Each structure stands twice: as C-alpha cells, then as structure tokens.
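Here is the structure we will look at.
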Amino acid sequence: MERIIQFLSGIFSKELIILIIAALPISELRGALPLALGAFHFPLIKAFSLSFVGNIIPIIPVLFFLNYFSQYCMRHNWGKKFFTWWFNRTRKHSEIIEKYEALGLAIFVGIPLPMTGAWTGCVAAYLLGIKFRYAFPAIVLGVLIAGIIVSLTTLGLIKFF
C-alpha cells in the first residue's frame, strides 16, 4: 500500500489522489477518508471534504447514464455477467430501500459496509425506479452519514468490534 501511495504521490497531488479514490466504485469515501487521515495526515475537515466531494462526483452521471451504459455493456458476455451479478446482488440487499424508498436509500448508502456505497445506491435507485429528484439527495445524505461514521471510526471515537 505504501508503494502505491508513494508512486501516486509522485504523479498527482495528495488531494487529487483522495478525490480519485473517493470517486472509485470499490473504495469510495470508505477508503479515501482513512487514507487522507491516516497516511496523508490531512486535518479532519480537509480529509472529509475531499472524500465527500470525490464520492459525490460520480452520482449524477451514474444516475443518468447507468441504463444506457449497462444496456451497451450487456451486449458482451463480460458485461452481461458483471451487470447481472451486480444487479442481482443489489436486489438481494435492497429490502430497506423497497420499504422506505428515498429514506431507505439514504440509510443503505450510509451504512459503511462493502457494496453499500453511492455507486450501489445508484444501482438500487435505478432498479427500483426511484426518480432522480429523490435518489440524488438521498444518496448524498447517505454519503454524509457514512462519512461521519467512517470519520469517528478512523479517529477511534467509536468502535464496532
């Protein structure tokens, strides 16, 4: 991990690295915030702001273009496998969203567990037909909640295990 960070730091600013990591579908804010606080030693406000903004950046394009992108990719075998897996996995874990809709979406995204972030929240909103005007603020609220939980956990103020 240190080698990757050193390599990237030689190419990009530390701030841009945090924005990029927060925007990626696997790491999102959950990976970027601990990196910003732990490895880069950013102050909390700076770390939180960069991670939050980075995680928010892909939401609008994903909500608007997921339908077109997934249909295009599903023409290929690899795309069909990936999107079938991702959509089925999201459907299995979307009971709270189905029950509470936008509020459930915010809670789903706000729980800092693997595969519950903004990207999967966008997929859930798409699959469950939640309109953009409800989905976007719900996902942003979820990212905010996740950011608070991850910050408190990273700083050692709350512990889960």
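Values as computed for the structure displayed
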quantity: Residue among ARG30, ARG3, ARG91, ARG75 that alone is surrounded by 15 or more Cβ atoms within 10 Å (Cβ to Cβ) and either in contact with a strand residue (DSSP E or B) (Cβ under 6 Å, 6 or more places away or on another chain) or farther than 21 Å from VAL150 by Cβ (or both); calculated: ARG91
quantity: Which numbered condition MET115 misses (of (1) surrounded by fewer than 21 Cβ atoms within 10 Å (Cβ to Cβ); (2) in a helix (DSSP H, G or I)); calculated: (2)
quantity: Count of residues meeting criterion [small (Gly, Ala, Ser) and either in contact with a His (Cβ under 8 Å, 6 or more places away or on another chain) or under 15 Å from GLY142 (Cα atoms) (or both)] in the stretch 24-43; calculated: 0
quantity: Residue among LEU105, LEU24 that alone is touching a residue at least 12 places away in the same chain (Cβ under 8 Å) and surrounded by 14 or more Cβ atoms within 10 Å (Cβ to Cβ); calculated: LEU105
quantity: Selected residue [exposed (fewer than 12 other Cβ atoms within 10 Å of the Cβ), at pLDDT 90 or above and among the hydrophobic types (A, V, I, L, M, F, W, C)] from ILE57, ILE17, ILE45, ILE97; calculated: ILE45
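One line per residue, one yes/no per condition, for (1) in a helix (DSSP H, G or I); (2) within 19 Å of ALA125 (Cα to Cα):
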residue: ILE5; (1), (2): yes, no
residue: GLU15; (1), (2): yes, no
residue: LEU37; (1), (2): yes, no
residue: PHE42; (1), (2): no, no
residue: PHE48; (1), (2): yes, no
residue: PHE52; (1), (2): yes, no
residue: PRO61; (1), (2): yes, yes
residue: SER70; (1), (2): yes, yes
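The values are calculated or read from the model by the stated rules, or taken from the named source; none is laboratory data. Here the structure is a predicted model, which is why all the values come from computation and not from measurement. Glycine gets a Cβ as well: all are built from the backbone with ideal geometry, and neighbour counts include every protein chain shown.
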